[in-house]
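Presented below is the structure to which this report refers.
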Amino acid sequence: MIEEIQILEAVEKYIRGEMTPEERTQFEELRRTNSEIDQLVVEQTMFFNQLGNFSDWKALKVSLNEVHNHLAEQGEIRQPQPKGVVRELWRRYKRVMAVAASIAGITTLLIATTVSMIARKQSTEDLQQLRREFRQEVANKKKEVLNEVDNKIKISKAPENIAPKSGGTGFLIDGKGYLVTNAHVVNNANSVIVLNSKGQEFRANIIHINIASDLAVLRIEDNDFKPLAILPYSIRKSGTDLGEQLFTLGYPRNEIVYNEGYMSAKTGYKGDTLTCQIGVQANPGNSGGPVFNKNGEVVGIINTREKEAEGVVFAVTARNIFLLMDDIRKSDTAARNIKLPLLTTLRNLDRTQQIRKIEECVFMVKTY
Amino acid sequence: MAIESIYKLHYSMVQALIVNNNGSADDARDIFQEAMIVLYEKASSGTFELTSQLKTYIYSICRRLWLKRLQQQQKFVPDIAALDEMVLVEDELEHHDRKNSELMMMEKAMLSLGEPCKSLLESYYLQKKNMTEIAGDFGYTNADNAKNQKYKCLMRLKKIFFAEYKNNR
């Protein structure tokens with residue numbers, strides 16, 4: 001016991017450099033010859049270092065607090081109190097204020113109506129007539145405009161008297177009006193009409209079909225179509241990780257429908273490597289719809305689902321779009337100006353904002 | 001004093017950061033002081049090279065510390081805006097965490113030591129009083145007795161500390 005205390009003391013002296021040269025050499029000699037003491041010295045040194053750090057840390061904390069209090073006294077540090085108080089009051093009296101505000105609003109309205117009724121009674125007949133006429137005129141104008149719009153909307157571009165054969169979804173891959181959809185959607189079609197999310201119809205032509213990858217490229221050929229300068233999403237060339245969150249937009253109804261899910265497997269039905277399996281809800285009409293990841297990159301195109309199993313949906317991987325483009329460029333010179341979007345502008349946006357931007361690029365495809 | 005000038009220059013920025021992101025003025029004080037300790041540790045390690053403005057550095061550290069604190073409290077973690085340029089402070093914070101856990105062990109050991117050992121050691125190692133002064137304060141008849149007592153306390157502290165240390169490794 002006594003011995004250890006002595007060693008403790010010696011080590012302390014040693015660390016602080018308080019030893020005389022002779023003591024120092026003697027001590028180092030002792031360390032070399034006695035391994036037990038050497039071990040003790042190492043342990044002791046580490047402990048003293050910890051203690052030293054601890055006391056430095058405590059001292060620093062004390063001085064930090066002193067500085068803080070000192071500056072607070074001097075008014076260099078202002079407490080952000082007032083804001084908090086207002087917010088607190090607002091939270092507490094929100095309801096009362098709402099009631100008060102609505103009462104005030106109702107009173108104002110009542111007074112305003114009374115005043116205006118009295119005022120109207122006092123106005124001359126001329127003025128009243130003039131006003132009625134004006135009103136009539138506005139109504140007429142409005143009716144005219146509405147009719148015009150109605151007519152415009154009612155002119156369908158679909159062939160008359162023929163019911164649509166089948167339908168699916170397609171999405172722009174180039175703002176100039178190039179769409180991708182599934183080959184099985186437009187195969188055997190005589191003519192193709194696409195509708196945007198607002199219900200506007202455009203005529204489209206099939207420019208390429210690839211049965212093997214089940215993809216087709218359409219071109220909107222309609223003067224009403226306004227080309228888009230940039231597409232908000234991009235098309236992903238590389239693969240997707242399992243479990244990645246995905247979402248889809250499509251037209252299983254006459255309305256655009258959103259759904260979300262995840263990447264389930266990297267291969268499709270019976271190990272098909274062109275497709276992958278995703279876990280989302282999909283219904284007839286979703287075919288050809290884009291599958292996005294959270295950054296707004298197209299990672300696939302929905303094409304089939306398994307009949308026997310729930311929620312097993314297969315999508316053609318987006319890489320196939322690039323392969324398809326290579327094919328098209330070989331045969332069709334006009335298609336050489338198709339530029340696939342490679343930069344997404346949807347990163348870190350809210351889902352609702354993402355959808356708002358994507359919506360206008362996803363079309364319903366109807367074939368006749 | 002360096003601490004005071006840094007405090008004056010940058011405290012209000014950090015306070016705004018914390019208060020605007022679900023924190024109180026007290027939180028701001030805690031976080032800022034912890035950041036100062038990180039800065040101190042870094043500076044005393046001798047390898048410190050400031051590659052950005054001090055302001056950016058402090059902001060980065062406080063932001064990370066606060067995000068971590070919020071996560072620990074399982075509060076809503078807001079998306080705290082990063083400054084235009086940010087500094088990577090992961091290494092510093094990792095080092096700080098390790099050091100902090102060691103300091104906490106020491107504090108815990110100190111607390112479980114009990115009186116008068118705790119006060120005795122504190123006045124020698126923390127307040128840096130000399131042995132005669134301490135002997136007077138604690139009522140020992142001479143400095144040697146006090147010294148003896150101090151070493152006994154130190155041995156106990158060491159034992160508790162290393163027990164704790166081994167538990168945590």
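The values are calculated or read from the model by the stated rules, or taken from the named source; none is laboratory data. None of these values were measured; they are calculated from a predicted model. Glycine gets a Cβ as well: all are built from the backbone with ideal geometry, and neighbour counts include every protein chain shown. Heads up: the accessible areas ignore ligands, DNA and RNA and are worked out on the full protein's heavy atoms, side chains in. Shrake-Rupley method; radii C 1.70, N 1.55, O 1.52, S 1.80 Å.
Summary of computed values
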quantity: Residue within the stretch B:143-154 that is within 20 Å of the chain's Cα centre (by Cα) and either aliphatic (A, V, I, L, M) or open to solvent by 20 Å² or more (accessible area, probe 1.4 Å) (or both) present; calculated: no
quantity: First in the stretch A:9-28 and assigned by TED's automatic domain parsing to the domain that holds A:GLN39 and of a type outside the set (Val, Ile, Thr), second anywhere and at pLDDT below 80 and open to solvent by 90 Å² or more (accessible area, probe 1.4 Å), Cβ under 9 Å, 6 or more apart; calculated: A:GLU12/A:GLU18
quantity: Test for A:ILE302: is it over 19 Å from A:GLY177 (Cα atoms), buried (at least 18 other Cβ atoms within 10 Å of the Cβ) and assigned by TED's automatic domain parsing to the domain that holds A:LEU172; calculated: yes
quantity: Residue check, B:VAL14 under 13 Å from A:ILE77 (Cβ atoms) and assigned to a helix (DSSP H, G or I); calculated: yes
quantity: Residue under evaluation A:GLN50, criteria (1) closer than 29 Å to B:MET36 by Cβ; (2) open to solvent by less than 40 Å² (accessible area, probe 1.4 Å); (3) at pLDDT below 80, criterion not met; calculated: (3)
quantity: Strands (runs of 3 or more DSSP E) fully within the stretch A:191-263 counting 1 or more residues that are over 21 Å from the mean Cα position of the chain (by Cα), in contact (Cβ under 8 Å) with a residue 60 or more places away in the chain and closer than 17 Å to A:TYR368 by Cα; calculated: A:192-195, A:201-210, A:215-220
quantity: Selection count where residues are part of a loop (DSSP other than H, G, I, E, B) and at pLDDT below 85, scope the stretch A:292-331; calculated: 7
quantity: Qualifying positions in the stretch A:266-290 - open to solvent by 60 Å² or more (accessible area, probe 1.4 Å), assigned to a loop (DSSP other than H, G, I, E, B) and hydroxyl-bearing (Ser, Thr, Tyr); calculated: A:THR273
quantity: Search result, residues across the stretch B:1-24 that are open to solvent by less than 20 Å² (accessible area, probe 1.4 Å) and either in contact with a strand residue (DSSP E or B) (Cβ under 9 Å, 6 or more places away or on another chain) or at the interface with another protein chain (Cβ under 7 Å from one of its Cβ atoms) (or both); calculated: B:TYR7, B:TYR11, B:GLN15
